[in-house]
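Data block below; observations after.
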Amino acid sequence: MTRKRKWKKKNIFQIYITSKNIFNLIFSFFDFINNERKNYYNKCLDSCMSQRNCQKKSFNQLEDDYISQITNSNSYDENQNNSNNQNKNLNEKNNKNLISNPSFENESHMNQISPFLIMDQNSSRLLQNKLRKDQKYTNDVFFPYLHQNYSEKEFINLICDQFGNYLFQVVLDVLSIENLEIFLNVIQNNFYEIGINSFGTRVLQRLITIIDDKLIILNKFNQILFNSIDKLILTSHGNHIIQKFLEKITYPKNELVYNYILSNFFTVSTNKYGCCTIQKCLQISPSHIREKILNLFFENIFDLLCEQYGTYVFQYIIENEPLHLKLKTIQKILPELLNICKTKYSSNAIEKCLEFNCKEIHLILLEKILEKEENVIELITNPFGNYIIQKALCVCDNKSYEYLLKVIGNNFSEIKKLSFGFKLISKLLSTHQRLSMYLTKQLIYK
């Protein structure tokens with residue numbers, strides 16, 4: 001046994017000696033590298049200094065040359081900018097002179113109007129002022145020239161232009177019925193493309209505001225609109241055309257649009273932009289159309305609550321409609337309330353119902369939720385239903401509040417085991433101090 005111990009000590013001592021030697025070698029290697037680097041840097045510095053001494057120009061001379069180069073380049077840029085500004089001012093003056101010239105009203109001078117003149121901000125404004133003042137010139141000279149000399153593609157590009165659309169809005173205000181008919185003929189094949197454009201949609205909305213009393217134009221517009229309504233109503237800019245048409249055109253002239261909405265109620269209601277059109281219909285539609293929309297809503301209420309954007313129609317009715325319709329809506333969903341509270345979008349809608357300042361709705365919903373202890377446990381242990389209980393704690397009376405705290409406290413261990421349990425409990429404890437007091441009492445008595 002003693003020999004083995006001696007052997008072990010000797011072995012450890014040998015390892016220590018060898019490791020020490022290795023570290024010394026490593027350190028000496030790094031010292032060698034550092035020395036070599038220093039020598040290399042010194043050589044580089046010596047060569048740089050020798051090159052600098054050989055140069056004919058001094059550092060001050062080089063600095064002066066560099067400053068002179070910068071000043072020359074700056075003066076060149078300033079001259080170029082000045083020349084560009086002068087050219088721009090000359091173009092603006094030429095455009096102004098061209099438009100204000102009396103001979104401009106003749107057809108012979110119309111060839112000087114290029115698309116670039118209409119698409120330019122300043123010249124477009126000058127043209128708008130002229131066309132607004134002189135309706136005869138707009139109808140007899142300007143619009144016929146655009147129709148005859150511009151292709152359909154160029155015409156559409158001008159309508160959808162950032163500044164060109166303003167000119168066409170002014171032109172539409174003063175056009176005669178004959179010219180409006182020509183305008184519709186030009187745009188009818190590209191109506192959808194104009195409608196979904198952020199600038200083109202403004203021109204079509206402006207057209208809608210002036211055709212209510214022009215039956216010939218209105219009938220033609222109805223036909224063109226109906227061919228594209230299925231696409232327009234579901235787009236961000238297109239749905240504004242539908243809403244404007246329903247708002248500005250009196251019933252029954254807009255009956256075609258209402259018929260389409262009624263026959264495709266669910267598709268329109270569950271679309272991101274279509275649900276806005278349904279809300280607009282509920283605001284402005286005649287009473288018999290409104291009744292039909294509400295009947296369709298009550299028929300499809302459970303399907304709508306399962307859709308992300310269908311819930312917005314539900315929320316609109318709860319928030320804006322008369323009390324009897326609100327209560328009818330709540331009574332309609334009451335038998336399936338627990339199932340509705342357990343899905344993503346519908347639970348959000350019920351949560352909004354509890355947020356709205358309506359005591360009648362609060363009483364009906366809370367009465368159903370607190371009917372059985374099982375209902376509360378079922379909702380508090382659900383990833384979406386627990387938000388309903390959190391909101392209920394904020395709006396219920398003292399008696400219901402104590403009851404909810406008792407149920408949560410009794411099922412504290414079960415809630416803790418859930419994937420979202422820790423987050424839920426920490427949130428409840430931070431917002432409801434009475435729950436923490438109740439839990440501490442429960443622990444003390446146990």
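Taking into account only those residues within the stretch 135-154 that are of a type in the set (Phe, Trp, Tyr) and assigned to a helix (DSSP H, G or I), which is nearest to residue 172 (Cα to Cα)?
That would be 143.
Working only within the stretch 229-241, note down all residues that are buried (at least 18 other Cβ atoms within 10 Å of the Cβ) and under 11 Å from residue 260 (Cβ atoms).
Result: 229, 232, 233.
Would you check which residues across the stretch 207-226 are over 15 Å from residue 183 (Cβ atoms) and either surrounded by 13 or more Cβ atoms within 10 Å (Cβ to Cβ) or in contact with a helix residue (DSSP H, G or I) (Cβ under 6 Å, 6 or more places away or on another chain) (or both) and list them?
212, 222, 226
Looking at the stretch 390-399, can you tell me whether even one residue there is in contact with a Cys (Cβ under 8 Å, 6 or more places away or on another chain), modelled with pLDDT of 90 or more and surrounded by 15 or more Cβ atoms within 10 Å (Cβ to Cβ)? Please lay out each step first, then the result.
Let us first name the residues in the stretch 390-399 that are in contact with a Cys (Cβ under 8 Å, 6 or more places away or on another chain), namely none.
No, the stretch 390-399 contains no residue that is in contact with a Cys (Cβ under 8 Å, 6 or more places away or on another chain), modelled with pLDDT of 90 or more and surrounded by 15 or more Cβ atoms within 10 Å (Cβ to Cβ).
Limited to the stretch 290-327, what total is found for residues that are in contact with an Asp or Glu (Cβ under 9 Å, 6 or more places away or on another chain) and farther than 19 Å from residue 369 by Cβ?
Final tally of qualifying residues: 3.
Just one of the numbered conditions (1) in contact (Cβ under 8 Å) with a residue 24 or more places away in the chain; (2) under 21 Å from residue 311 (Cα atoms) is not true of residue 238; which one?
Among (1) in contact (Cβ under 8 Å) with a residue 24 or more places away in the chain; (2) under 21 Å from residue 311 (Cα atoms), the lone unmet condition for residue 238 is (2).
Could you grab me the full set of residues in the stretch 244-261 that are touching a helix residue (DSSP H, G or I) at 6+ places or on another chain (Cβ under 7 Å) and more than 16 Å from residue 283 (Cβ to Cβ)?
Scanning the stretch 244-261 gives 253, 256, 260.
What number of residues within the stretch 353-397 satisfy the criterion of being of a type in the set (Ser, Thr, Tyr) and without any contact (Cβ under 8 Å) to a residue 40 or more places away in the chain?
If we filter the stretch 353-397 for residues that are of a type in the set (Ser, Thr, Tyr), which is where we start, we get 381, 387.
Still in the list and also without any contact (Cβ under 8 Å) to a residue 40 or more places away in the chain: 381.
Residues meeting the conditions: 1.
Collect the residues in the stretch 197-237 that are charged (D, E, K, R) and outside any loop (DSSP other than H, G, I, E, B), keeping them in residue-number order. Walk me through how you get there before you give the answer.
First, the residues of the stretch 197-237 that are charged (D, E, K, R): 202, 206, 212-214, 220, 230-231.
Once the filter is applied, which keeps residues that are charged (D, E, K, R) and outside any loop (DSSP other than H, G, I, E, B), the stretch 197-237 yields 202, 206, 220, 230, 231.
Restricting attention to the stretch 362-375, does a residue exist that is part of a helix (DSSP H, G or I), of a type in the set (Val, Ile, Thr) and within 31 Å of the chain's Cα centre (by Cα)?
The first filter runs over the stretch 362-375 and keeps only residues part of a helix (DSSP H, G or I), leaving 362-369, 373-375.
Next cut, of a type in the set (Val, Ile, Thr) only: 364, 369.
Retained after the next criterion (residues that are within 31 Å of the chain's Cα centre (by Cα)): none.
The answer is no; no qualifying residue exists.
Listed residues 384, 356; which is touching a Lys or Arg at 6+ places or on another chain (Cβ under 7 Å) and closer than 23 Å to residue 316 by Cα?
Values: 356 fails: touching a Lys or Arg at 6+ places or on another chain (Cβ under 7 Å).
It is 384.
I want to confirm something. Restricting to the stretch 341-359 and keeping residues that are out of contact with any helix residue (DSSP H, G or I) (no Cβ under 6 Å at 6 or more places or on another chain) and in a helix (DSSP H, G or I), which single residue is surrounded by the fewest Cβ atoms within 10 Å (Cβ to Cβ)?
359
What helices (runs of 4 or more DSSP H) completely inside the stretch 247-330 contain at least 3 residues that are aliphatic (A, V, I, L, M) and either surrounded by fewer than 17 Cβ atoms within 10 Å (Cβ to Cβ) or out of contact with any strand residue (DSSP E or B) (no Cβ under 9 Å at 6 or more places or on another chain) (or both)? Don't jump to the end; show me each part of the working.
Numbers: elements: 255-263, 265-269, 274-284, 287-299, 301-305, 310-320.
Output list reads 255-263, 274-284, 287-299, 301-305, 310-320.
So which of 413, 400, 426 is among the small types (Gly, Ala, Ser), part of a helix (DSSP H, G or I), without any contact (Cβ under 8 Å) to a residue 60 or more places away in the chain and under 13 Å from residue 354 (Cβ atoms)?
On the way: 413 fails: under 13 Å from residue 354 (Cβ atoms); 426 fails: under 13 Å from residue 354 (Cβ atoms).
None of the others qualify; the one that does is 400.
Is at least one residue of the stretch 414-428 at pLDDT 80 or above, within 39 Å of the chain's Cα centre (by Cα), under 22 Å from residue 367 (Cβ atoms) and among the β-branched types (Val, Ile, Thr)?
no
Residue check, residue 194 against (1) crowded, with 19+ Cβ neighbours inside 10 Å; (2) outside any loop (DSSP other than H, G, I, E, B); (3) over 24 Å from the mean Cα position of the chain (by Cα), all met but one. Which one?
(3)
Quick one: would you say residue 166 is under 30 Å from the mean Cα position of the chain (by Cα), more than 21 Å from residue 113 (Cβ to Cβ) and in a helix (DSSP H, G or I)?
On the way: under 30 Å from the mean Cα position of the chain (by Cα): yes; more than 21 Å from residue 113 (Cβ to Cβ): no; in a helix (DSSP H, G or I): yes.
No.
The values are calculated or read from the model by the stated rules, or taken from the named source; none is laboratory data. As the structure is a prediction and not an experimental result, all values here were calculated from the model. Counting neighbours? That spans all protein chains shown, and the Cβs are built from the backbone with ideal geometry, glycine included.
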